[in-house]
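Enquirer: First the structure, then my questions, so here it is.
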Amino acid sequence: QVQLVESGGGLVQPGGSLRLSCAASGSIFSINAMGWYRQAPGKQRELVAGITGGGSTNYADSVKGRFTISRDNAKNTVYLQMTSLKPEDTAVYYCNADILANGRNWYVDYWGQGTQVTVSS
C-alpha cells in the first residue's frame, strides 16, 4: 500500500513563509514526477509546482519567484518552500506523485490528504 502524507501547513501572516513536506511510503519501486496542487474554496484544483524525476521544475505564474519545489529521492519526499505569502495563497495544498509500486507494471497517480494553508493577518 502506497500513501502520501503531507505536513507543514498552518496559519501565517501575509509576507510570511511556510515549508510543506510530503513523504511517500509503502512498497515503492520508483517515483517519477511529483508536484503540489492547491484548491481554494469555490475554485478548481490547480497546479502550483511540479518536479520531474530528473529535477526539472515548473511553476504556476502566480507563484513564480516566491515558491520553490524540491525533492529528496533518498527519502521519497517532496518539499514546497513558500515565501512572501499572500492571502490569495490560502487553500488546501495537495501532494501528488506518479509512483511505480513493487510488483506493478505501470505508474499510478497518488494524492495526499491535503494540508490547509491560511494566509491572514
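All of the numbers you see were taken from the coordinates with simple rules; none came from a lab. None of the values given here were measured: they were computed from a predicted structure. Please note: Cβ atoms are built from the backbone with ideal geometry, for glycine as well, and neighbour counts cover all protein chains shown.
Enquirer: Could you pull the Cα extents of the stretch 1-64 along its three principal axes, largest to smallest, in whole Å?
Expert: Extents along the principal axes, in whole Å: 39, 24, 23.
Enquirer: May I pose another question? Of the residues Ala33, Ala24, Ala74, which exhibits the maximal mean-square fluctuation in a Gaussian network model of the chain defined by a 10 Å Cα contact cut-off?
Expert: Top of the fluctuation ranking is Ala74.
Enquirer: Sticking with this structure for a sec: What per residue convex hull volume, in Å³, do the alpha-carbon atoms of the chain yield?
Expert: Working: hull volume 11.4 nm³, N = 121.
Taking only Cα atoms, the chain has a hull volume of 95 Å³ per residue.
Enquirer: Could I ask something else about it? So which trypsin sites (Lys or Arg not before Pro) in the stretch 1-44 end up in coil per DSSP with only 13 or fewer other C-beta atoms within 10 Å? Could you put the intermediate results ahead of the total?
Expert: Numbers: sites: Arg19, Arg38, Lys43; in loops: Lys43.
Here the sparse-neighbourhood loop sites are Lys43.
Enquirer: Using Cα centres only, tell me the gap between the stretch 40-75 and the stretch 4-27 in whole Å.
Expert: Using only Cα atoms to place each centre, the spacing works out to 12 Å.
Enquirer: Enumerate the calculated ³J(HN,Hα) couplings along the stretch 115-120 in order (Karplus 6.51 cos²θ - 1.76 cosθ + 1.60, θ = phi - 60°), each rounded to whole Hz, writing x wherever the residue is Gly or Pro.
Expert: Per-residue couplings from phi come out as 9, 7, 10, 10, 10, 7 Hz.
Enquirer: Let me ask you something else. Quick one: 3J(HN,Hα) in Hz for the stretch 41-50, Karplus 6.51/-1.76/1.60 with θ = phi - 60°, rounded, Gly and Pro as x.
Expert: Coupling constants for the stretch 41-50: x, x, 10, 7, 5, 10, 6, 9, 7, x Hz.
Enquirer: Straight-line reach from Lys43: which lysines fall under 29 Å, measuring Cα to Cα and dropping same-chain residues less than 8 apart?
Expert: Once the sequence-local lysines are set aside, what remains near Lys43 is Lys64, Lys86.
Enquirer: In sequence order, what are the phi-derived ³J(HN,Hα) couplings for the stretch 90-98 according to the Karplus relation 6.51 cos²θ - 1.76 cosθ + 1.60 with θ = phi - 60°, rounded to whole Hz, with x for glycine and proline?
Expert: 4, 4, 8, 9, 10, 8, 9, 8, 9
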